[in-house]
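Some notes on the structure that comes next.
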Amino acid sequence: MSYYVTEIDTKGNIAVDDTLLVKDVLSTAGSHILEGFAPLFSAEVVERVQKAGYTVSGKANVGEFGLDLVGEFSNKAATKDGSLVGAAAQLVAEGSVKAALGVDLNGAPRRAAALSKVNFIKPTYGTVSRYGVIPCACSGEQVGVYAANIADLKQVLSVISGHDDKDGTSLQHDSYDYDTDLEVKGTKVCIIKELLSSADDSVKASVSAYAEKLRKCGVVVEEVSFDMVNAAQTAWQILMAAETCNNLSRYDGVKFGYRTPNYNNIDELYVNTRTEGLNFLTKATIIYGSDVLSKGRYNDCYDKSLRVRRLVVEQIKKLLGDFDAILTPVCSKAEYKPYDIAEAFTKVFDESRYTAIANLTGIPALVSGGVQLMGSYFDESLILSLAKCVERVSE
Amino acid sequence: MKYEVTIGLETHVELATNSKIFCACGGHSSANEPNDCVCPACSGMPGMLPVMNKSVVELAVTAGLMLNCDINRYTTFDKKNYYYPDLPCAYQITQLFNPICVNGKVQVKTNSGVSEIGIKQIHMEEDAGKLVHDEWTDTSLVDFNRTSVPLIEIVTHPDFHSAEEVVAYLEMLKSMFRFGNISECEEGAMRCDVNISVRPEGATELGVRAEIKNMSSLASIERAIKYETARHIDALERNTEVLVQETRRWDDTKGRTFAMRNKETEADYRYFPDPNLMPIVIDDEWLNEIKAKMPVSAEEKAKEYADAGISDKEIEMLTAERNLCDILDEVVALGCSAKEVAAWILTDCAGILRKNALLLSDLHIAPEKLAKIIKMVNDCKINRGAGKRVLGAVIENDVDPEKYCKDNGLDVQVDQGFIEGVVDRAIENNPAAVSDYKGGKVKAFQALLGACMKELRGAGDPTVIKALLEQKLNK
Ligand SMILES: [Zn+2]
């Protein structure tokens, strides 16, 4: 089966998630509501990889707006031996492309990378332009890179990072140096107990195995408690849903994409277009997001989440002051089975426990060997070096 | 019983920037066709991000300083959510939590005296598009030219107590913003929401409030306020209706207000901070830069002109149009006297414009060219009549004054000696006219003067020529 929504060039060496715009190529973010939408411009990251000599192979299938676990609720769900996989991650795993670009707004690419045994990095917020990302959760989503090995991942990450005038949240540095391998011997890594305990035994075992390999690299690994896991998970759910609700409200059937044939007035045009054009998970997210922004709930939900975000940032900085990196699971299970969309909202929330901290705070998160390494802001080099060392030890 | 009316205003003013607030599109006034000034960003396509136009901040701060506001050094943008076809993203970027200016005040003069109006806040926001209803096909079309055009909204405290005060305030804003190049304030570029309530004089609580939405003409605003005041008094005095807090719409043809549907008024806009726009920090350096560029006010300008000897009437005409003051100042800077430049602008330029069915506000002339013409006349290179002719050509066709004189033979070198020669030749070549004149026929003088003028082809000062001719004939 094809993992592409649209294949562009069979000789292409880089795939991009369908949440990224490619000029004149259908870009639908896995949603019926963007049916027929071909953008007038490409995402900045797409321009950059093309300028660096890469050829885009096609648009990889994603779950509607990237809101699900790994892409199970797209127009064409991808599975492998009855287990769910992410399309871009699987393309990389199968060696059809050297790398892929994906948008991480609630952990889907990280989970997909873990399931397909490839690497994915969600870099520090603000280091990669979001221009041309079909937006959901602007305050925490970042474009990241999938690759089969750390060397390839570093190469592509260097290409896409750096300031872009077209994104008001893009940080000022023109480029970032990910090439130097840092000395990892003597560095300290902590495992967050609260994230370990909620995972399956098989996941626990792979975290332990990874920790063992780190120790072989001369890294000190310790378990610590971080009591803001639940707060971070809930806060990101609230912010993510609210921003998604806001960003998806532009799909109203008036300007582009799907328009319902069933309407007699403007209200029916809006309601029926969105009812028919969006899936259950997206609608659940929109309703949740609308609720937390409503007058009666804003202070207790949205505003409180902004305050929780500041606290988590403060606490995570403190933790990353004591340790050089954090090691955690990225999924609760080693594989996901197909399930009913009615359960999706809860399932995604449960699994976001492992990924939310990085989206909420903006710190870099790298999935490698089926586990997650998080580091300080702009400290991608260190987590990449740790993963590279483990890669070497594993060979 | 006597009643007191209490009014607060929310005034939207379109800013005179070269581009929209978050994208590079030109302002909607530069558009010819619907959807001429539209890009993926201001038409709401996914993936485009707002990029702040710095000059919007500067104009908003300038307006705030004009209205004696405190400038918030940390200002942020928020998203306001609602569905309407003229709003492409289904949200408007505005400022709710940290507006750019707060706590201002202005004095408003009316026939009944001076009152102080408190300015609660000024915030920046983007405008929405426009719906055009096509009656023929019974459809609505959307024009996004106005989408994302920058606005400021000025919110006053409920400090007005009459329609006259409201009109005086709005007129003052208009002339202040036009003069300061904050806004062109043309038709529709200034729109008002009026909050109005009426209570018996001396009552401690305010009456039930009505909000009349979106009016742009001063005449309508005045009529709407008077209508609403009367409606409230009727209700209070004669129980004609039960007043409820509501939003109303002014119907200019029917001359009355109507309650709007509840659906439009009870919306929850679900405001939240816009994560795509970083907070704007206005440090001392930037604020001082803006202050240094603050335009002088019309009052200051008037005083300056009075000191230069320009008459009150002329000052009034000049300061009504910022453009005229700019031209005058620049011509003066090129070495002409303010008084004479004022006359050239208000008499000669105005005359030429009138002939072309234009107003003084339409005057476009390079100050260097006007200065050149004035100097040529002053140096007697051409006479005033010829000067006017050149001015006409400059205004109408933007010609080069010197080249125009040369091409049309107006550039005769006319020193005293040359004119003397011309006069001598006229006397010599017209013996009949000379003897007629000497014989008492005054009319003959005109023939001789005509001969001089013909040779001079419009150059030279007629009074000088006349005096010289008289002097020679009477010798
Ligand atoms: Zn635009």
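A compact table of results
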item: Unit charges at the beta carbon, dipole of the protein assembly as shown: most positive-side option, A:233, B:338, B:233; result: B:338
item: Residue A:342-residue A:318 pseudo-label distance in nm [points 7 Å out on the Cα-to-Cβ vector]; result: 4.4 nm
item: Where B:274, B:138, A:9, B:284 fall by accessible area, highest first, once all protein chains stay in place (1.4 Å); result: B:138, B:284, A:9, B:274
item: Solvent-accessible area lost in complex, 50 Å² minimum, residues of region A:241-267 relative to chain alone, 1.4 Å; result: A:246, A:249, A:250, A:255
item: Cα gyration tensor category, rounded, prolate or oblate, for region B:336-469 with a/c compared to 1.5; result: prolate
item: Surface share of carbon and sulfur [accessible, 1.4 angstrom probe, percent] for the protein assembly as shown; result: 50 percent
item: Mean residue ellipticity (222 nm) of chain B, computed from DSSP H runs ≥ 4 via -39,500 (n - 2.57), nearest 500; result: -12000 deg cm²/dmol
item: Hydrodynamic radius (Kirkwood) for the protein assembly as shown, which is based on Cα pairs only, to one decimal in Å; result: 32.3 Å
item: CD proxy at 222 nm, helix term only [per DSSP H run n ≥ 4: -39500 (n - 2.57); per residue of chain A; nearest 500]; result: -11500 deg cm²/dmol
item: Residues along region B:72-92 losing 50 Å² or more of accessible surface when the other protein chains are present rather than the chain by itself (probe 1.4 Å); result: B:83, B:85
item: Sequence ranges B:48-54, A:232-238, ranked by mean other-Cβ count within 10 angstrom, highest first; result: A:232-238, B:48-54
item: Three-way shape label, region B:320-405, alpha-carbon gyration tensor, a/c 1.5; result: oblate
item: Sum of side-chain charges, residue B:352 neighbourhood, beta-carbon under 15 Å (Lys, Arg +1; Asp, Glu -1); result: +2
item: Shape call, region B:78-149: gyration tensor on alpha carbons, a/c limit 1.5; result: oblate
item: FRET efficiency, residue A:295 to residue B:253 (Cβ-Cβ, R0 45 Å, nearest 0.05); result: 0.80
item: Per residue accessible area in Å² of region B:296-407, where ligands, DNA and RNA are left out and the probe is 1.4 Å; result: 51 Å²
item: Accessible area per residue in Å² at 1.4 Å probe, computed on region B:3-281; result: 44 Å²
item: Summed buried accessible area for B+A [probe radius 1.4 Å, Å², rounded to 100]; result: 2800 Å²
item: Radius of gyration and maximum dimension Dmax of region B:416-473, Cα, Å; result: 10.4, 30
item: Accessible area in square angstrom per residue, region B:416-473, 1.4 angstrom probe; result: 57 Å²
item: Cleavage-rule hits, GluC sites (Glu not before Pro), region A:57-142, DSSP coil, Cβ neighbours within 10 Å at most 16; result: A:94
item: Computed FRET value (nearest 0.05) for residue B:164 with residue B:217, which takes r as the C-beta separation and R₀ as 22 Å; result: 0.85
item: Ranked packing of B:302-310, A:202-210, B:154-162, most packed first, by mean Cβ within 10 Å; result: B:154-162, A:202-210, B:302-310
item: Complex-versus-alone comparison for region A:287-314, residues with a loss of 20 Å² or more in accessible area, probe 1.4 Å; result: A:290, A:293, A:295, A:298, A:302
item: Order of exposure, largest accessible area first, which applies to A:5, A:103 with probe 1.4 Å; result: A:5, A:103
item: Sparse-neighbourhood loop sites, trypsin sites (Lys or Arg not before Pro) in region B:171-280 - DSSP loop, at most 13 other Cβ within 10 angstrom; result: B:254, B:261
item: Loop-located GluC sites (Glu not before Pro) in region A:1-53 whose Cβ has at most 15 other Cβ within 10 Å (DSSP); result: A:35
item: Antiparallel content of DSSP bridges confined to chain A, in %, to 5; result: 65 percent
item: Residue A:5 long-range amide H proximity, modeled H, under 5 Å; result: A:59, A:60, A:61
item: Estimated FRET transfer efficiency (residue B:473, residue B:355; beta-carbon r; R0 45 Å; 0.05); result: 0.75
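The values are calculated or read from the model by the stated rules, or taken from the named source; none is laboratory data. Quantities reported herein were computed from a predicted structural model and do not represent experimental measurements. Because the Cβ atoms are built from the backbone with ideal geometry, glycine has one as well, and the counts that use them run over all protein chains shown. Surface accessibility is based on the protein's heavy atoms, side chains included, excluding ligands, DNA and RNA. Shrake-Rupley method; radii C 1.70, N 1.55, O 1.52, S 1.80 Å.
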